[in-house]
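Written out below as structure tokens is the structure these notes cover.
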Amino acid sequence: MIEREAAATRRTGRAGAIVEAGGIEQAIRSGALPRFLDITLSEAVVLGLLRQGVRRFLCVLGHGSTDLAEVLRVYERAGLLKTYSVRHETEASHAATALRWVTGEKAAVVTSIGPGALQALAGSIVPASDGLGVWYLLGDETTEDEGPNMQQIPRHEQNLFLKLCSAMGEAYCLHTPEAVGSALRRGLVTVDHPHRGGPFYLLLPMNTQPDLLEDLNLDELPCGQPPPLGEASDPDAYERAADALLQAERVVVRVGGGARNCGPELAGFLERVDGVAVLSPLVTGVIDYDHPRNMLVGGSKGSICGNYAMEQADLLVAIGTRFVCQSDCSRTGYPDVKVVININTDVRDVMHYGKTVALLGDAAPTLRRLLSVLEERGVSGSGRSSEWINACAAKRREWEAFKAERYATPCLYSEAWGGEVLTQPAVIKTATDWARANGAVSFFDAGDVQANGFQVVEDDRPGRTYTETGASYMGFAVSALLATALASEPFYGLALTGDGSFMMSPQILIDGICHGAKGCILLLDNRRMAAISALQEAQYGEAHATSDHVEVDYVRLASAVKGIRALEGGRSLEDLRAALDRARSYDGLSLIHVPVYYGPDPLGGLGAFGRWNVGNWCEETQALRHKIGL
Ligand SMILES: Cc1ncc(C[n+]2csc(CCOP(=O)(O)OP(=O)(O)O)c2C)c(N)n1
Ligand SMILES: [Mg+2]
């Protein structure tokens, strides 16, 4: 007992010394924190993370993480970090991911051993898919192997969680406490990767967490940033790219998540090569919605203009894209392309297609150098009146007219609701226009809400919309609202979600109140998992097991949590706007329930324009893919 108290006092003293010195670096430099310390592994991990700027810990604790939790308690009391206890590990993962995405700030998800770790691992498919750096501190089985631990994977085999996590990303088990510096260094390079961050799983065996590290040298706890790659360096590749661009007649530029920060370069490039851009949903706003060379989204859902540009192009410039099936119609998206110029920081992604001129480098500087090579070659672009841009512009007008027709019919009769209700396109258009005007950041959940969402949004700059199309994880958007409570610079979030997605992660109703989230859940309720019903109907003529008869009063459900402002969104756009304004005037978390249409009327949705290698479309799509041979 006395030793425990003495250890806690020493720990409190260390935390106090860091605060007094003005931060951990200052404390190390000034000697306020001795260079050699006797501390537990748990404390070394926390100190190491503080050195890397990780100060937020989202947790569902268990017997697998109490030692770590005790360190967090002491350091939080000193004001060095903050823990946020939440009600689901997947929610914690989503919130940490959203925080990183929107603000760049880092967070760690802390779980127990077993099911908690598994739920966090499930959520981590989001940062793995979208390239975002997030820490996971997962309790793990004891290393002395005294017998099976409760909640470990029940097999007579070592390191099964390490194997599981390693399938998703980088993982390290602190089986030996002295490896802490190396483990944290691997985490740093993964989480702070300059081009494609990812989840890092630090597995903390229950018996090594409290192990004492004697004379741990703090210099071993890593800090700093891995450097970016910079521009592609192969001069010959630039020349070949310029040759191809000179010969091409119809250039399409596919803009992926890796091109997030190269809007100005992109605009200049499009002019010079007389190209048009097709955007991944991740980067709506990288060039203005109204930019004449913006053909918006393209792919399996796509748009009339985006898919036209893809179908007709004879040269593809791919920038920072992974070619996920939805974006390139399962490798059938560019049937006429003769050359691909691929700019990417990943050597595997840059070589994804055949007929490729590979520019292995960072998007913005590589584009700048390519532009200067084109300038030297005297390529000037053809201005605004080439045949290609005119044809694309005509398709863009067609798409705008198609959308306008839907917005002009905002209500349709719904069997499920027994009356006229709003359509998803009308609700999403009104809500995202409202979000832009009110400075709210929009998050989209999976399903029709998401697909209609990226077809509707009219972003004028990056950062307005976050749509998790990488893993399309139902429940991401509503959980992302927790990031509004975590961010250093507060922001207001609007989570557009479906009835199916919302019920995957309803914990936000409680955790949002608990931690002070500011935002609004806009629940588009069509009483089904409509995206899948629609796929089933398109493929097999009948929906199956994607809806049920249970009626849920979501306004009452949300009202049961003290602190939530729960509102009916109504059945007209005026009602909806009024509800959004009422939500915004509330300094906290709101939920607006909107009944929406699902059914066969084409005015109820925004259609699909591309191919996809799923269900009974596979045979045809695959045959076409092989015919194209890209
Ligand atoms: C966690 C998870 N499970 C299953 C899916 C497959 N899925 C994609 S969309 C969808 C239905 C979404 O329903 P809802 O949120 O109500 O949106 P709607 O399509 O009705 O607008 C399903 C089941 C998924 N993306 N994520
Ligand atoms: Mg639904």
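The values are calculated or read from the model by the stated rules, or taken from the named source; none is laboratory data. Small disclaimer: the values here were computed from a predicted structure and weren't measured. Quick reminder, even Gly has a Cβ in these numbers, built from the backbone with ideal geometry, and neighbours come from all protein chains shown. Ligands, DNA and RNA are excluded from the accessible area calculation, which covers all protein heavy atoms including side chains. Shrake-Rupley method; radii C 1.70, N 1.55, O 1.52, S 1.80 Å.
The residues on offer are Glu551, Glu537, and the sole one that is of a type in the set (D, E, K, R) and assigned to a helix (DSSP H, G or I) is Glu537.
Find the residue count for region 569-592, including only residues that are over 29 Å from the mean Cα position of the chain (by Cα) and charged (D, E, K, R). Step through it out loud before you land on a result.
Applying the first criterion (over 29 Å from the mean Cα position of the chain (by Cα)) to region 569-592 yields 570-575, 578.
Right, trim to charged (D, E, K, R) and you get 571, 574-575.
Count: 3.
Within region 284-315, being in a helix (DSSP H, G or I) and of a type in the set (A, V, I, L, M, F, W, C) holds for Ile304, Cys305, Ala309, Met310. Every condition in (1) crowded, with 21+ Cβ neighbours inside 10 Å; (2) within 12 Å of ligand 1 (Cβ to nearest atom); (3) in a loop (DSSP other than H, G, I, E, B) holds for Ala543 except the one numbered (1).
In region 514-528, of all residues being within 7 Å of ligand 1 (Cβ to nearest atom) and in a strand (DSSP E or B), the one that is least open to solvent (accessible area, probe 1.4 Å) corresponds to Leu524.
Can you find a residue in region 360-367 that is open to solvent by 30 Å² or more (accessible area, probe 1.4 Å), in contact (Cβ under 8 Å) with a residue 60 or more places away in the chain and not aromatic (Phe, Trp, Tyr)?
Quick first cut of region 360-367, residues open to solvent by 30 Å² or more (accessible area, probe 1.4 Å) only: 360, 362.
Now drop any that are not in contact (Cβ under 8 Å) with a residue 60 or more places away in the chain, which leaves 360, 362.
Next, only the ones that are not aromatic (Phe, Trp, Tyr) stay: 360, 362.
The answer is yes; a qualifying residue exists.
Before we move on, is Ile532 in a strand (DSSP E or B) and either within 13 Å of ligand 1 (Cβ to nearest atom) or more than 29 Å from the chain's Cα centre (by Cα) (or both)? Break it down into steps so the answer makes sense when it comes.
On the way: in a strand (DSSP E or B): no; either within 13 Å of ligand 1 (Cβ to nearest atom) or more than 29 Å from the chain's Cα centre (by Cα) (or both): yes.
The answer is no for Ile532.
Is it the case that region 337-348 has a residue that's basic (Lys, Arg) and free of Cβ contacts under 8 Å to residues at least 24 places away in the same chain? Even if it seems obvious, please write down each step before you answer.
Of region 337-348, the ones basic (Lys, Arg) are 338, 348.
Imposing the further condition that a residue be free of Cβ contacts under 8 Å to residues at least 24 places away in the same chain reduces the set to 348.
Yes; the residues of region 337-348 include at least one that is basic (Lys, Arg) and free of Cβ contacts under 8 Å to residues at least 24 places away in the same chain.
Residue selection: Phe443 satisfies the criterion of being open to solvent by less than 10 Å² (accessible area, probe 1.4 Å) and away from ligand 2 (no atom under 16 Å from the Cβ). Criterion applied to Tyr540, Tyr597 was being hydroxyl-bearing (Ser, Thr, Tyr) and within 16 Å of ligand 2 (Cβ to nearest atom), and the one residue passing it is Tyr597.
Would you point out which residue out of Asp601, Asp511 is touching a Leu at 6+ places or on another chain (Cβ under 7 Å) and more than 16 Å from ligand 1 (Cβ to nearest atom)? It would help to see each step written out before you state the result.
Details: Asp601 fails: more than 16 Å from ligand 1 (Cβ to nearest atom).
After ruling out the rest, the residue left standing is Asp511.
Would it be correct to say that Asp499 is within 13 Å of ligand 1 (Cβ to nearest atom), open to solvent by 10 Å² or more (accessible area, probe 1.4 Å) and either modelled with pLDDT of 95 or more or in contact with a Pro (Cβ under 7 Å, 6 or more places away or on another chain) (or both)? Yes; evaluated as a whole, the condition is true for this residue. Contact map, region 447-473: residues that are farther than 17 Å from Gly607 by Cα paired with residues that are within 10 Å of ligand 1 (Cβ to nearest atom) and charged (D, E, K, R), Cβ distance under 6 Å, separation 6+ or inter-chain. No pairs are found.
Among the residues making up region 28-57, a single one is open to solvent by 40 Å² or more (accessible area, probe 1.4 Å) and among the aliphatic types (A, V, I, L, M): Ala32. Of all residues in region 446-459, those satisfying the criterion of being within 16 Å of ligand 2 (Cβ to nearest atom) and not in a loop (DSSP other than H, G, I, E, B) are Asp448, Val449, Gln450, Ala451, Asn452, Gly453.
Pairing each residue of region 220-245 that is touching a residue at least 24 places away in the same chain (Cβ under 8 Å) and open to solvent by less than 60 Å² (accessible area, probe 1.4 Å) with any residue that is part of a loop (DSSP other than H, G, I, E, B) and basic (Lys, Arg), provided the two are 6+ apart or on different chains, yields C-beta distances under 7 Å for Ala242/Arg377.
Hey, can you tell me all the residues within region 459-474 that are over 8 Å from the mean Cα position of the chain (by Cα) and more than 9 Å from ligand 1 (Cβ to nearest atom)? Answer for region 459-474, where residues must be over 8 Å from the mean Cα position of the chain (by Cα) and more than 9 Å from ligand 1 (Cβ to nearest atom): Asp459, Asp460, Arg461, Pro462, Gly463, Arg464, Thr465.
If you go through region 595-618 and keep only what is under 28 Å from the mean Cα position of the chain (by Cα) and not hydrophobic (A, V, I, L, M, F, W, C), you end up with Pro595, Tyr597, Tyr598, Gly604, Gly605, Gly607, Gly610, Arg611, Asn613, Gly615. Considering Ala108, Ala171, Ala92, Ala117, the condition of being under 25 Å from Val283 (Cα atoms) and small (Gly, Ala, Ser) is satisfied by Ala92 alone.
Residues of region 524-535 that are more than 21 Å from Leu580 (Cα to Cα) and either within 11 Å of ligand 2 (Cβ to nearest atom) or free of Cβ contacts under 8 Å to residues at least 12 places away in the same chain (or both): Arg527, Arg528, Met529, Ala530, Ala531, Ile532, Ser533, Ala534.
Considering only residues that are within 13 Å of ligand 2 (Cβ to nearest atom) and of a type in the set (Val, Ile, Thr), which ones fall in region 479-523?
Our first condition is that a residue be within 13 Å of ligand 2 (Cβ to nearest atom); within region 479-523, this holds for 496-504, 522-523.
Listed by number, the list holds a single entry, Thr497.
One residue stands out in region 573-627 among those that are in contact with a strand residue (DSSP E or B) (Cβ under 8 Å, 6 or more places away or on another chain), without any contact (Cβ under 8 Å) to a residue 40 or more places away in the chain and not in a loop (DSSP other than H, G, I, E, B): the one that is most open to solvent (accessible area, probe 1.4 Å), namely Arg582. All of Ala451, Ala435 fail the test of being open to solvent by less than 20 Å² (accessible area, probe 1.4 Å) and away from ligand 1 (no atom under 11 Å from the Cβ), apart from Ala435.
Among the residues of region 166-202, those that are assigned to a loop (DSSP other than H, G, I, E, B) and in contact with a helix residue (DSSP H, G or I) (Cβ under 7 Å, 6 or more places away or on another chain) comprise Gly169, Leu174, His195, Gly197, Gly198. Scanning region 352-391 for residues that are in a loop (DSSP other than H, G, I, E, B) and touching a strand residue (DSSP E or B) at 6+ places or on another chain (Cβ under 6 Å) turns up Tyr353, Lys355.
Yes/no per residue for (1) touching a Phe, Trp or Tyr at 6+ places or on another chain (Cβ under 6 Å); (2) among the hydroxyl-bearing types (Ser, Thr, Tyr); (3) crowded, with 19+ Cβ neighbours inside 10 Å; (4) in contact (Cβ under 8 Å) with a residue 40 or more places away in the chain:
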| position | (1), (2), (3), (4) |
| --- | --- |
| Leu279 | no, no, yes, no |
| Val286 | no, no, yes, yes |
| His291 | no, no, no, no |
| Lys301 | no, no, yes, yes |
| Asn307 | yes, no, yes, yes |
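Checked against (1) surrounded by 19 or more Cβ atoms within 10 Å (Cβ to Cβ); (2) part of a loop (DSSP other than H, G, I, E, B); (3) more than 19 Å from the chain's Cα centre (by Cα); (4) at pLDDT 95 or above, Ala318 passes all but a single condition, namely (2).
Assess whether Asn342 counts as being polar (S, T, N, Q), outside any loop (DSSP other than H, G, I, E, B) and within 17 Å of Asp274 (Cβ to Cβ). Steps first, answer last, please.
Numbers: polar (S, T, N, Q): yes; outside any loop (DSSP other than H, G, I, E, B): yes; within 17 Å of Asp274 (Cβ to Cβ): no.
When the stated conditions are applied, Asn342 does not pass them.
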